[in-house]
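What follows is a single structure, and I will ask about it in a moment.
The values are calculated or read from the model by the stated rules, or taken from the named source; none is laboratory data. On a predicted model such as this, the values are computed, not experimentally measured, just so you know. Cβ placement follows ideal geometry from the backbone for every residue including glycine, while neighbour counts extend to all protein chains displayed.
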Amino acid sequence: MKNFIFWLVLLVIILVNLVSTWKIYEKAGVPGWKAIIPFYNIWVLAEIGGKPGWWSLLSYIPCIGIFAVVALWMEVCNKFNRNRFFTLGIILLPFVFLPMLAFKEDIQYENSDKNDMHESLENINKQVN
């Protein structure tokens, strides 16, 4: 029975993450089905974050991969006007923070080509006010 409960909980977590990722892709203007294609989904995630798709290849390099994934999620969260603590939440508790990013109506995707300095100044201004 313990085994069944474990697999059931794991299945629910996987489905929550899958549905949430699908919705995040759609919020970014990308067809949701791209979230379920292995390897390609990371490529598209990099593009959603405003980086070239080849950045996704870094996620498959041992020891570097975890840093690449964190960097990609930081960029994606930045496009949704979320801070670095939100990114940390996505990394540590994805089954909580991915649905927040996906289903909260007040969180919208902003595909702007502002430079990093301008974005940093805006983020500082938001945190001060």
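Output the number of the condition that N41 fails; it satisfies all remaining conditions of (1) in contact with a Lys or Arg (Cβ under 9 Å, 6 or more places away or on another chain); (2) not in a helix (DSSP H, G or I).
N41 satisfies all of (1) in contact with a Lys or Arg (Cβ under 9 Å, 6 or more places away or on another chain); (2) not in a helix (DSSP H, G or I) except (2).
If you check W43 against the conditions, is it at pLDDT 95 or above and either among the hydrophobic types (A, V, I, L, M, F, W, C) or under 16 Å from K79 (Cβ atoms) (or both)?
Against the criterion (at pLDDT 95 or above and either among the hydrophobic types (A, V, I, L, M, F, W, C) or under 16 Å from K79 (Cβ atoms) (or both)), W43 qualifies.
Take S56 and tell me if it is surrounded by 12 or more Cβ atoms within 10 Å (Cβ to Cβ), part of a helix (DSSP H, G or I) and modelled with pLDDT of 95 or more.
When the stated conditions are applied, S56 does not pass them.
Surrounded by 11 or more Cβ atoms within 10 Å (Cβ to Cβ), free of Cβ contacts under 8 Å to residues at least 40 places away in the same chain and under 13 Å from the mean Cα position of the chain (by Cα): which single residue out of N41, N78, N83 fits that description?
N41
Among the residues of the stretch 14-26 satisfying the criterion of being surrounded by 12 or more Cβ atoms within 10 Å (Cβ to Cβ) and hydrophobic (A, V, I, L, M, F, W, C), which is nearest to E110 (Cα to Cα)? Don't jump to the end; show me each part of the working.
We begin by selecting, within the stretch 14-26, every residue surrounded by 12 or more Cβ atoms within 10 Å (Cβ to Cβ); these are 16-26.
Checking which are hydrophobic (A, V, I, L, M, F, W, C) leaves us with 16, 18-19, 22, 24.
Details: V16: 24, L18: 22, V19: 21, W22: 17, I24: 12 Å.
Taking the candidates together, the pick is I24.
Scan the stretch 46-68 residue by residue and report those that are touching a Ser or Thr at 6+ places or on another chain (Cβ under 7 Å) and either touching a residue at least 12 places away in the same chain (Cβ under 8 Å) or of a type in the set (F, W, Y) (or both).
Matches in the stretch 46-68: A46, A68.
Just to check your reading of the model, which residue among G50, G89 is under 20 Å from K23 (Cα atoms) and assigned to a helix (DSSP H, G or I)?
G89
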